[in-house]
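Values in this text are rule-based calculations from the coordinates and carry no lab data. Every value quoted in this text rests on a predicted model; they were computed, and no experiment measured them. Cβ placement follows ideal geometry from the backbone for every residue including glycine, while neighbour counts extend to all protein chains displayed.
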Amino acid sequence: MSDPIIAHWVALAAKQVMGPARNSVYALCLSLLHSSALLDERSCLILAYAMACYVLHVPERASSLIFISESYSCSDLLLFATSIAMLKNLITSVPEFDGTNHKLWSNIMQAFLQFQILWRVVDGSYTRPPVAGTGTAVEQAAELEMERKWLDQNESAMGFIKMKMVPSLLHHAQPNFTARQLWDELKTAYATP
């Protein structure tokens, strides 16, 4: 199978990752991987990456595989797949926050967020950069890029925090909250002196 065919299958799989067909899509990827005699190394790595995205429930990363398959070498793809597998192992080490275990959860979650280089967004030492909208086009583009990076990091931190909360506590995550505001809200509501 060629890269475009694998990328097409992976893109289709990505659309179904969170849907009712997710287990059959995963099984298809797994069977393709097991019959890797039909696939070249690059295609196997693309599938491994897609499977890692499936396991982590991040279909938006899986759906970017068409770009990834055309832009990166096999060693880069292997690094991506390995990184995602490592991330899954790390996130499983963070206990689920249930309202009674704030001290333990917050210590381990902080370490996890530090490892992911997201803690500065949560502790407030890296704040959303202002976008003045003045200056040259290059300066405005640089400002927007800096804001985009902060927004991405904030969204990642929010996602990780919410992913490790029991559903009954998710009401604390107000739609307009930043990761820092959510962290402070949980600390105020559940930390014991």
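Tell me, in nm to one decimal, what length is gained between Lys162 and Gln116 on full extension, where the rule is 0.36 nm per residue of separation less the Cα-Cα distance? List each step's numbers first, then the result.
Values: separation 46, 0.36 × 46 = 16.56 nm, distance 1.54 nm.
Going from the current span to full extension adds 15.0 nm.
How high is the relative contact order of segment 102-190, in percent, with contacts defined as C-alpha pairs under 8 Å that are six or more residues apart? Show your work: numbers first, answer last.
On the way: 62 pairs, mean separation 27.3, N = 89.
Normalised by residue count, the contact order of segment 102-190 is 31 percent.
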Based on the alpha-carbon gyration tensor of segment 102-190 and its eigenvalue square roots a ≥ b ≥ c, which shape applies: rounded if a/c is under 1.5, prolate if not and a/b is larger than b/c, or oblate?
prolate
Sum of side-chain charges, Leu169 neighbourhood, beta-carbon under 11 Å (Lys, Arg +1; Asp, Glu -1)
-1
Could you work out how far apart the two model spin labels at Ala137 and Leu104 are, taking each label as a point 7 Å from the Cα in the direction of the beta carbon, and quote it in nm?
5.7 nm
Grab the other residues whose beta carbon is less than 13 angstrom from that of Val121, score K and R as +1, D and E as -1, and report the net.
-1
